[in-house]
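Here is the structure we will look at, set down as structure tokens.
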Amino acid sequence: MILIDGNSLTIEEFIQITRGRKKIALSEEAIKRVNESRALVDKLVDENKVVYGITTGFGKFSDVVITGDETRELQRNLIVSHACGVGEPLPEDIVRGIMLLRINALAKGYSGIRISTLNTLIEMLNKGVHPIIPEKGSLGSSGDLAPLAHMVLVMLGEGEAIYKGKRMSGKEALEKANIKPVELTSKEGLALINGTQVMTSVGAHVIYDSIILSKTADIAASLTIEALNGIIDAFDMRIQKVRPHKGQIDTSKNLLKLLENSSMVSHQGEIRVQDAYALRCIPQVHGASKDCFNYVKEKVEIEMNSATDNPLIFYEDGEVISGGNFHGQPMALAFDFLGIGLSELGNISERRLERLVNPSLSNGLPAFLIKKGGLNSGFMIVQYSAASLVSENKILAHPASVDSIPSSANQEDHVSMGTIASRKAMEILKNVRKVLSMEILAACQGIDLRGNKGLGVGTNIVYNIIRENIDFLDEDRPMYEDINKCENIVKSGELVKKVEEKVGKLY
């Protein structure tokens, strides 16, 4: 059980709940804050005060006053009218993340929701009632209105949900889970959908996976260094310390750990004076992406623990203030940056793969890493596929955050497109994972063809895992099967886990 207080949720706890299905409960302090915030909302409604989103319409309709008798209808209409999402449903772990992040934001006590309504959402998360939330339809400001409305539909006993692996109506899912639907009252609909939780859930999963993938990139690079008898002097810590970017230093530490005791590496002057950039500059390139990921993680953890709806209820001061915390720009820029950082891991990986398969660059390996070239194509088209993926990433890495389209009759005249930025980063991540898997396969093939004279303490673990699952390529076979097997191993996190058990924590 993980206690939710609105202020201290970490990425690691987030993943334990979204993928590990850990249950949650509100802290006592959070319950107190939620109740006090709600009390102020009830007071304002009773006094017929004109407050945006409580006794008025929304967006351009903010000047339309809603009477006390109509506030319940107003909140339901908000949800059903805003449920305009399109596209494929978001994966269940991301949906769970959306629910969790909305719960955490509401637990801060600035949203004016009733504790009973919040508990319904908590019960849905704990019992595994997962709303069908379409992936597209958000401008990222005023928050993720359309997709979050689909989440709330199920709370009302409408919409659709997945429960125990089956897709069904929201009403049926709640009944099967023994959860009563809610009837929203003043402020609650807005409190539930006005926020950045969709983009943040997508981005939080991507940054978590990116940090693991950056370690995998160091593993893949280390195997390639051995397959090409790469020069290890470029990773000397004296070089890194005179340009002390943290990511660069951490990458060099990883490479030296992985390659310790390797008989496959060389030193400057033994075979060549220096290597090409794709090998020699691994610390600088991988390190820059690591620094990017650390920046994005910091921003995501701030956003995960923020109040992002409008208006906000400051019950201690007796005030309700309209502002713009729903605007996704801080996340939009971060997720565009994340996509770029991921793309570069793929770009340099593909260049290393090219050096492995190209006989003009591979330092004596057979063309396309196959013994009977001509009769066999070997890894020729593997490199084609990798090139296709990194080129696609270059298109996807175009920033979403520089775009804006006015909405709500120009009342909402600048939007973030942050949800698009997060979804792009997710696609880039998937592509990079595939490219690194291709490099790992090719590097292991190159090591076998070169003659394995003894690998590093870290790379030897990875090589053995690959060879336990995927055979040496002696003659052509359907390569997609090998690529998929390797990608599944990479995606599982097994490579990083097994290496860290042997050599210690990678950075």
If packing is taken as the mean number of other Cβ atoms within 10 Å per residue, what is the order of 451-464, 162-175, highest first?
451-464, 162-175
Rounded to 5, percent antiparallel among DSSP beta bridges of the chain:
75 percent
The distance between the Cα centres of region 275-313 and region 24-54, in whole Å, is 35 Å
Cα centre as origin, Lys/Arg/Asp/Glu Cβ charges: the chain dipole, Debye:
1260 debye
13 Å beta-carbon shell around D448, net charge (K/R +1, D/E -1)
+1
Dipole magnitude (debye, nearest 20) for region 171-220, charges at Cβ of Lys, Arg, Asp, Glu
80 debye
In nm, to one decimal, how far is the E47 label point from the V65 one, both placed 7 Å along Cα→Cβ?
1.5 nm
Expressed as a whole-number percentage, the relative contact order of the chain with C-alpha contacts under 8 angstrom and at least six residues apart is 17 percent
Sequence-distant or interchain residues sharing an amide H contact under 5 Å with L26, placed H: which?
I4
In terms of Cα to Cα distance under 22 Å, which lysines are near enough to K176, apart from those fewer than 8 places away along the same chain?
K22, K23, K127, K164, K166
What does the highest-first list of 422-428, 118-124, 185-191 look like by mean Cβ count within 10 Å?
185-191, 422-428, 118-124
In degrees between 0 and 90, to the nearest 10, how far off the longest principal axis of the chain does helix 145-155 point, with axes built from Cα atoms?
70 degrees
In the chain, with Lys and Arg counted as +1 and Asp and Glu as -1 at Cβ, which of these residues, Y480, V496, G378, has the Cα nearest the positive end of the dipole, that is, farthest along it?
G378
Taking the Cα atoms only, what angle lies between the long axis of helix 71-82 and the longest principal axis of the chain, rounded to 10 degrees?
30 degrees
Tell me the angle of helix 197-227 to the major Cα principal axis of the chain, expressed in degrees between 0 and 90 and rounded to the nearest ten.
10 degrees
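Quick note: the coordinates plus some simple rules give every number you see, no bench work behind them. This one's a predicted model, so the numbers in the text were calculated from it and none came from an experiment. Neighbour counts run over all protein chains shown; Cβ positions are idealised from the backbone, glycine included.
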